[in-house]
Amino acid sequence: MSFNDLRIFKEVYEQQSITKAAKKLYISQPAISRAIKQLETQYSTQLFERTGKRLLRTESANCLYTKVSTILETYDTISDALKNTAQNHTIRIGSNTTLAKYYLTNLITTFTKEHPTTTIQVTVANEETLLQALQHHELDLALIENNVHEDNLISIHICNSPLSMIASPQFHAPTSCTIEELSKYPLLIREKGSAQRNYLDAIFASHQLSIQPLWQSSNTEVLLEACKNGLGIAIVPSIYTRYTNFQQIHITNETLIRKCYLVYHKNKYIHPTLQQCITFIQEEMEDTNA
């Protein structure tokens, strides 16, 4: 007994006619007759008495109709709920501060205009927090400024993020220096655990250097303010310095360019709307310097 058989029975019961049921369901009359006969054979009962062109309902038919109506109503409710869920997705995206501030807002605005039934929830946090959320399936995607090496996470390169070394004119910093020379200045950099700090620690370590910053903060704007007041050399994403009057410092023996990635769990179910979001972010961020 299938749901299709039950729908055929229900229509025949209500119409009391195979001909009318066939027209309503757009099914041939022989197919209707076979479905009713199969039900009667399967349960060793007679559902209808044939009197000419009209069908008379038996007690078995009355009993089955009550149950079938409830079953089909429940099935249709579940089906509608699932279809509604499929069409009205919520996508949970995590991002670091820089990508969220300069790119994610515009990305989400454009994407949701094209997908008005999709809701996007955003969490802005440092790399460590985002990776933990991905591992616990609390996020669907994350935009991260470092590559990740966990086997159960998939990383897709989406853009590059160069860093700038800047100082206020009153600090009298050199226009260029080596990474070794830079480490001797008072540095204003991001906090431990952030993507930028992890990257910088690795760069300095590759030169057998360990840095003790004068200022470290989870807020880049704070570092820029300290830099503006001549307290040291700030290392920040280049996009923060596009419209400022800071002095740029060139590092002669190192190129500080991070790669940014879109990351998700490899066991994550990628429904069509989520795949569209992934593709959209990749295409929009292509060749972007964040």
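Only Cα sites of region 222-290 enter the Debye sum here, all with the same form factor; the resulting log10 I(q)/I(0) across q = 0.16, 0.17, 0.26, 0.28 1/Å is -0.76, -0.80, -1.25, -1.34, listed in q order.
Could you tally the net charge around K37, taking each other residue with its Cβ under 15 Å from the Cβ of K37, Lys/Arg +1 and Asp/Glu -1?
Local charge sum for K37: -1.
Grouping the Cα pair distances of the chain into 5 Å bins from zero gives a pair-distance distribution of 1, 5, 10, 12, 11, 8, 7, 6, 5, 5, 5, 4, 4, 3, 3, 3, 3, 3, 1, 1, 0, 0 percent in increasing distance order. In this simple spin-label approximation, S69 and E225 carry label points 7 Å from Cα along the Cα→Cβ vector, and these lie 7.0 nm apart. For region 1-40, the C-alpha radius of gyration divided by 2.2 N^0.38 Å, with N the number of residues, is 0.96.
Considering region 144-190 at the alpha-carbon level, its Rg and Dmax are found to be 16.2, 49 Å.
For region 132-264, relative contact order (Cα pairs under 8 Å, six or more residues apart, normalised by length) works out to 49 percent.
Packing here is the average count of other Cβ atoms within 10 Å per residue, and on that basis the peptides 203-213, 227-237, highest first, run 227-237, 203-213.
Taking other residues whose beta carbon is less than 11 angstrom from the beta carbon of W215, and scoring Lys, Arg as +1 and Asp, Glu as -1, yields -1. Computed on the chain, with alpha-carbon pairs under 8 angstrom and 6+ residues apart, the relative contact order is 21 percent. Scattering from region 117-219 was approximated by placing one identical point on each alpha carbon and applying the Debye formula without solvent; log10 I(q)/I(0) at 0.15, 0.16 1/Å stands at -0.77, -0.84. Ranked by the mean number of other Cβ atoms within 10 Å of their residues, highest first, the peptides 38-51, 101-114, 119-132 fall in the order 119-132, 101-114, 38-51. Protection proxy ranking, highest mean first, for peptides 216-223, 194-201: 194-201, 216-223, where packing is the per-residue count of other beta-carbon atoms within 10 Å, averaged. The apolar share of the surface of region 150-245, taken as the fraction of accessible area on carbon and sulfur atoms (1.4 Å probe, ligands and nucleic acids excluded), comes to 49 percent.
With viscosity 1.002 mPa s and temperature 20 °C, the Kirkwood radius over alpha carbon pairs of region 1-149 converts through Stokes-Einstein to a diffusion coefficient of 108 µm²/s. Annotation: the antiparallel percentage among DSSP beta bridges lying fully within region 146-290 is about 65. Geometric descriptor of region 170-290, per residue, is 137 Å³ (volume of the convex hull of the Cα atoms). Over region 1-134, Cα pairs under 8 Å with separation of 6+ residues give a relative contact order of 19 percent.
Its convex hull of Cα atoms gives region 90-148 a direction-averaged projected area, equal to a quarter of the hull surface, of 3.9 nm².
The values are calculated or read from the model by the stated rules, or taken from the named source; none is laboratory data. Computed from a predicted structure; not experimentally measured. All Cβ positions, glycine included, derive from the backbone under ideal geometry; neighbour counts span all protein chains shown. Ligands, DNA and RNA are excluded from the accessible area calculation, which covers all protein heavy atoms including side chains. Shrake-Rupley method; radii C 1.70, N 1.55, O 1.52, S 1.80 Å.
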